[in-house]
1. Scan the range 418-431 for residues that are among the aliphatic types (A, V, I, L, M), within 11 Å of the chain's Cα centre (by Cα), open to solvent by 40 Å² or more (accessible area, probe 1.4 Å) and under 23 Å from residue 388 (Cα atoms) and jot them down.
2. Under 24 Å from the mean Cα position of the chain (by Cα) and surrounded by 13 or more Cβ atoms within 10 Å (Cβ to Cβ): which single residue out of 313, 307, 290, 296 fits that description?
3. Which condition from (1) open to solvent by less than 70 Å² (accessible area, probe 1.4 Å); (2) free of Cβ contacts under 8 Å to residues at least 60 places away in the same chain; (3) among the hydroxyl-bearing types (Ser, Thr, Tyr) is the one that residue 198 breaks?
4. From the list 88, 167, 196, 146, exactly one residue is under 30 Å from residue 43 (Cβ atoms), of a type outside the set (Phe, Trp, Tyr) and part of a helix (DSSP H, G or I). Which is it?
5. Across the range 333-347, what is the total count of residues that are in a helix (DSSP H, G or I), free of Cβ contacts under 8 Å to residues at least 40 places away in the same chain and under 15 Å from residue 233 (Cβ atoms)?
6. Considering the range 52-85 alone, what residues qualify as being more than 17 Å from residue 184 (Cα to Cα) and loosely packed, with under 12 Cβ neighbours inside 10 Å?
7. Which members of the range 216-243 meet the condition of being open to solvent by 50 Å² or more (accessible area, probe 1.4 Å), part of a helix (DSSP H, G or I) and in contact (Cβ under 8 Å) with a residue 60 or more places away in the chain?
8. Which ones in the range 353-391 are out of contact with any Leu (no Cβ under 9 Å at 6 or more places or on another chain), of a type in the set (A, V, I, L, M, F, W, C) and open to solvent by 40 Å² or more (accessible area, probe 1.4 Å)?
Amino acid sequence: MNAQTQASHKGKSYSKTAALLSVLFMGLGQMYNKQYWKGIAWAIFELIVIIFYIRPIMSGLHGLITLGETPQVRQRGRIVDPGDHSILLMAEGLMMLIVLLAVLGLYYLSVRDAYLVGKLRELGQKVPNFKETIRNVWDNGYAYILITPTAICMLLLTVFPLVFTALIAFTNFSSPNYLPPRALVDWVGIEQFIRLFTMESWRGTFLGVFSWTIIWAVLSTLLVVFAGLFVAVVLSQKVVKYTKFWRNIYIIPWAVPGFVSILIFRNMYNGQFGVINQMLQSVGLNPIPWLSDPMWAKVAVLLTNLWLGFPFWMALFTAVLTTISKELYEAAEVDGATIVQQFRNITFPIVMVAAVPLMVFTFAFNFNQLTFIYLMTEGGPTNANYNYAGHTDILLSWIFKMTLDNGQYAIASAVALVVFLIIAGFAYFNLRNTKSMKGDV
């Protein structure tokens, strides 16, 4: 563009004018920048939103704020007026809030696009036509186009349930008085969290279950890791014969479906006819109340988890050990290092680089290991001092009992939110400080 044309554009604020017009109505800024087809596309989008979505969005947000205003009316046992369903209104309102945020995001992109094209006009540069705009979007936004379906699925399948659960924690949604559609649910703020941490019965249950959850997650993780490491190191020694046979034998517990093994062990631990107690009695020992005594029940679940979990770690450490150069061990032997010193200074540091990230994930998995605990003990034996929890209940199995068995959805959601924050914080801290996740060795 020649100097005369550039001078004619100097001093004109195309960008601000175009942005202001796009704020007034989507597409006007693009039309001002002489991008008529793009402006028509943006304008059609806003018209579709106004015609078809404004009313559902406003209705959804109103339901999210009020959680319903009309309770169900019954006469002689018959429903005369179904009323409002507070939880459905919350779900619909949350979905409409997501739609509104998406619309506002596109609205911002429209304004930003008009502003940037206006800047090009101010600099005297050529404004791209519609075909060039489509080509630029395809070339520069190809990665975003590919990832958009996955992002939408993550939003609906991960973010939406998390936010929905968090919102329930701030309501009084619970049995027997606040169960829709028969009764409305109200927002109560942080009342559930106050109950959880100040009321003696709830605080005692939470602290007791939380303490056992931490102990369970730590011990179950460390036991399987170090048992797997021990077996892998022993089988890697030259003096051990038939190593392939032993590795195949030890991998069998991992090959059998987990729930089958858990149910088999549950029967083996039975206090009356379990095979373990029968074996103890056959050698003159007293039977052990495996599942009826709190301490022995915890020992039983840890031993069973050890049986199910160590084969994976044995296979992992076996693979890592094959990558360690034999020259390191030969040099250590020349320097007079014992087997224990070789393990402490060579083997252990190297295998831990690969193991630590997986240990973090295993800890988080065991922290939320509902299936194992429920199939093994159902949280028992019963603890009379706990609300809806037993001696071996972890936080997730306690939440499961409060929701499915007792209808205490609000406080269960509060506990779930606390669990999420604990696990998210723990995982974030550990992964930030793990060398193998930074690319460092």
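The values are calculated or read from the model by the stated rules, or taken from the named source; none is laboratory data. Since this is a predicted model, take the numbers as computed values, not measurements. Counting neighbours? That spans all protein chains shown, and the Cβs are built from the backbone with ideal geometry, glycine included. In case anyone asks, the SASA skips ligands and DNA or RNA and just uses the protein heavy atoms, side chains included. Shrake-Rupley method; radii C 1.70, N 1.55, O 1.52, S 1.80 Å.
1. Residue satisfying the conditions is 421 alone.
2. One residue alone meets the criteria, 313.
3. (1)
4. 146
5. Selection size over the range 333-347: 7.
6. Of everything in the range 52-85, those that are more than 17 Å from residue 184 (Cα to Cα) and loosely packed, with under 12 Cβ neighbours inside 10 Å turn out to be 52, 55, 75, 76, 77, 78.
7. 218, 219, 223, listed by residue number.
8. Hits for the range 353-391 are 353, 356, 361, 365, 384.
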